[in-house]
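Enquirer: Mind looking over this structure? Questions follow.
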Amino acid sequence: MTSLNDRIGTVFATILKRPVEADEEIARETEKGWDSLRHMELVFALEEEFGVEFSEEDIACLDSRAAFAVRVRELM
Amino acid sequence: MNHDIVMEGSGYRLRPIVLGDAQTIVDIRLHDQRRNRFINPISPDPAAQDAYLRSYLERAGDYYFVVERRATGRPEGLVAIYDKDHEQPGWAEWGRWVLLPESPAGPESAWLVYKTGFERLSLDLLYCRTVAANERVVSFHDSCGLVRDRVLKDYVTLDGQKQDSVEHHLPKDAWPAVDVKLASIAARVARKLA
């Protein structure tokens, strides 16, 4: 069974349009392609993948793959 | 120029900047010191912005807007379309785009700029020039589907340093596809806004 982290990685790979390693740390601050449009695409793609809903505050604060993983777990 | 264009979106609107917005300009442009390295510095004195606005209101072909949240009226950004017909008839540049760091208005404010340009100003093409080091905004324009034209060497001087700029453009016939993409994102973001 695909782990939550792997599923998040797959979503990141799709939206950022690049391969993502299994435990790769990805941060908005350092990822050139993580612009504000791709950020919203990540939000919506993760919502659809996991059946969760991020708040406006989440959207402003979630700035890394790890942060999204923590928040998804909290919301599930 | 002294215009009356209001462009309503899903969660945000563009409304004309007015003389009373001098403090708003200071608040928004000076909010994020980290991002300020990519934009021209301004005086923190609202009186200086007031003088700038008086000059702007006399300038033809320059449409400056406040990006305002529809539900609350809170200003969350600034953006402008300018130099209309300057490079070529029917063309204009857009920029002066600054948003509060936590604001999710990015995609929708760009969408509203394009709607304004193509649907209200009847432009044939909109272009923008972004400091190359501002990688996230350069990426944004790529992600929206704009055409990346060229790199303008040493195009601007910021903090005493010459910086390259990346030029993108969106012609009218490519707008419908970008419209669909950005409108969808704007609508979904709007559902989350207080």
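The values are calculated or read from the model by the stated rules, or taken from the named source; none is laboratory data. For clarity, every value in this text was computed on a predicted model and none was experimentally measured. Heads up, the Cβs are rebuilt from the backbone with ideal geometry, glycines too, and the neighbour counts pull from every protein chain shown. Side chains included, ligands, DNA and RNA excluded: accessible areas come from the protein's heavy atoms. Shrake-Rupley method; radii C 1.70, N 1.55, O 1.52, S 1.80 Å.
Enquirer: Quick check: residue separation of residue B:120 and residue B:58 times 0.36 nm, minus the Cα distance between them. What number comes out in nm?
Expert: Details: separation 62, 0.36 × 62 = 22.32 nm, distance 2.02 nm.
Taking 0.36 nm per residue and subtracting the Cα distance, the gain is 20.3 nm.
Enquirer: Another question about this same structure. Would you please give the FRET efficiency between residue B:194 and residue B:153, computed as 1/(1 + (r/R0)^6) with r the Cβ-Cβ distance and R0 = 51 Å, to the nearest 0.05? Let's see the in-between values first.
Expert: Values: r = 44 Å, r/R0 = 0.87.
Result of the calculation: an efficiency of 0.70.
Enquirer: Okay, helix-only estimate at 222 nm for the protein assembly as shown: each DSSP H run of n ≥ 4 adds -39500 (n - 2.57), divide by all residues, round to 500 deg cm²/dmol; what do you get?
Expert: -11500 deg cm²/dmol
Enquirer: To continue, here is another question. How many Cβ atoms of partner chains, on average, are near each residue of A:28-36 if near means within 10 Å of its Cβ? Each step should come with its number before you reach the end.
Expert: Details: counts 1, 2, 0, 3, 4, 7, 4, 12, 14.
Taking the mean over all residues of the peptide, I get 5.
Enquirer: Let me ask something additional. Of B:86, B:160, B:127, which is farthest along the charge dipole of the protein assembly as shown in the positive direction, counting Lys and Arg as +1 and Asp and Glu as -1 at C-beta?
Expert: Of the options given, the answer is B:86.
Enquirer: Let me ask you something else. Within chain B, which is the longest segment containing none of the trypsin sites (Lys or Arg not before Pro) that sit in a DSSP loop and have at most 16 other Cβ atoms within 10 Å?
Expert: Working: sites that count: B:34, B:59, B:70, B:191.
The answer is B:71-190.
Enquirer: In the range B:47-70, which residues have a backbone nitrogen under 11 Å from the label point lying 7 Å from residue B:33's Cα in the Cα-to-Cβ direction?
Expert: Of the residues in the range B:47-70, none has backbone N under 11 Å from the label point off residue B:33.
Enquirer: Let me check against my output: what whole-number percent is the relative contact order of chain B, with C-alpha pairs under 8 Å and at least 6 apart? Display every interim value, and only then the final one.
Expert: Working: 344 pairs, mean separation 39.4, N = 194.
Relative CO of chain B lands at 20 percent.
Enquirer: For residue B:63, what residues show an amide H to amide H distance below 5 Å, using hydrogens built from the backbone and excluding near sequence neighbours?
Expert: Those lying under 5 Å, H to H, from residue B:63 are B:81, B:82.
Enquirer: What is the distance in Å between the Cα centres of the range B:116-194 and the range A:10-26?
Expert: 25
Enquirer: Here is a follow-up. Please compute the modelled spin-label separation between residue B:47 and residue B:174, points set 7 Å along Cα→Cβ, answer in nm with one decimal.
Expert: 4.6
Enquirer: Also, I was wondering about something else. Over chain A, what is the mean sequence separation of C-alpha contacts under 8 Å (at least six apart), divided by residue count, expressed as relative contact order in percent? Could you put the intermediate results ahead of the total?
Expert: Numbers: 55 pairs, mean separation 26.8, N = 76.
With pairs under 8 Å counted, the relative contact order is 35 percent.
Enquirer: Projected onto the charge dipole of the range A:13-64 (+1 at Lys/Arg Cβ, -1 at Asp/Glu Cβ, origin at the Cα centre), which of A:13, A:44, A:55 gives the Cα projection farthest towards the positive end?
Expert: Of the listed residues, the answer is A:13.
Enquirer: How would you classify the range B:141-194 from its alpha-carbon gyration tensor, with a ≥ b ≥ c the square roots of the eigenvalues: rounded for a/c under 1.5, else prolate if a/b is greater than b/c, otherwise oblate?
Expert: Details: a/c = 4.88, a/b = 1.73, b/c = 2.83.
In terms of gyration-tensor shape, oblate.
Enquirer: Now for a separate question. Apply the a/c threshold of 1.5 to the C-alpha gyration tensor of the range B:1-156 and tell me whether it is rounded, prolate or oblate. Please list the in-between numbers first.
Expert: Details: a/c = 1.24, a/b = 1.13, b/c = 1.10.
Verdict is rounded for the range B:1-156.
Enquirer: Looking at the square roots a ≥ b ≥ c of the eigenvalues of the Cα gyration tensor of the range B:40-126, which shape do they give, rounded for a/c under 1.5, prolate if a/b is larger than b/c, or oblate?
Expert: Here the range B:40-126 falls in the oblate category.
Enquirer: Going Cα to Cα from residue B:172, which lysines come in below 18 Å? Please leave out same-chain ones fewer than 8 positions away.
Expert: B:84, B:115, B:181
Enquirer: For the range B:98-112 and the range B:32-53, what is the separation of their Cα centres, given in Å?
Expert: One Cα centre to the other: 18 Å.
Enquirer: Tally up the carbon and sulfur contribution to the accessible surface of chain B as a whole percent, 1.4 Å probe, everything protein left in place.
Expert: Numbers: 4310 of 8740 Å².
For chain B, the apolar C and S fraction of the accessible surface comes to 49 percent.
Enquirer: Within the set of other residues whose C-beta is less than 10 Å from the C-beta of residue A:52, count the net charge using Lys and Arg as +1 and Asp and Glu as -1. Display every interim value, and only then the final one.
Expert: Values: positive: A:71, A:73; negative: A:47, A:48, A:49, A:53, A:58, A:74.
With Lys, Arg at +1 and Asp, Glu at -1, the neighbours total -4.
Enquirer: Let me ask something else about it. How many Å² of accessible surface get buried when B and A come together, counting both sides, probe radius 1.4 Å, rounded to the nearest 100?
Expert: What B and A bury together is about 1700 Å².
Enquirer: What's the carbon and sulfur percent of chain A's accessible surface, probe 1.4 angstrom, rounded to a whole number? The partial results should precede the final answer.
Expert: Numbers: 1980 of 4030 Å².
After summing per-atom areas, the C and S share lands at 49 percent.
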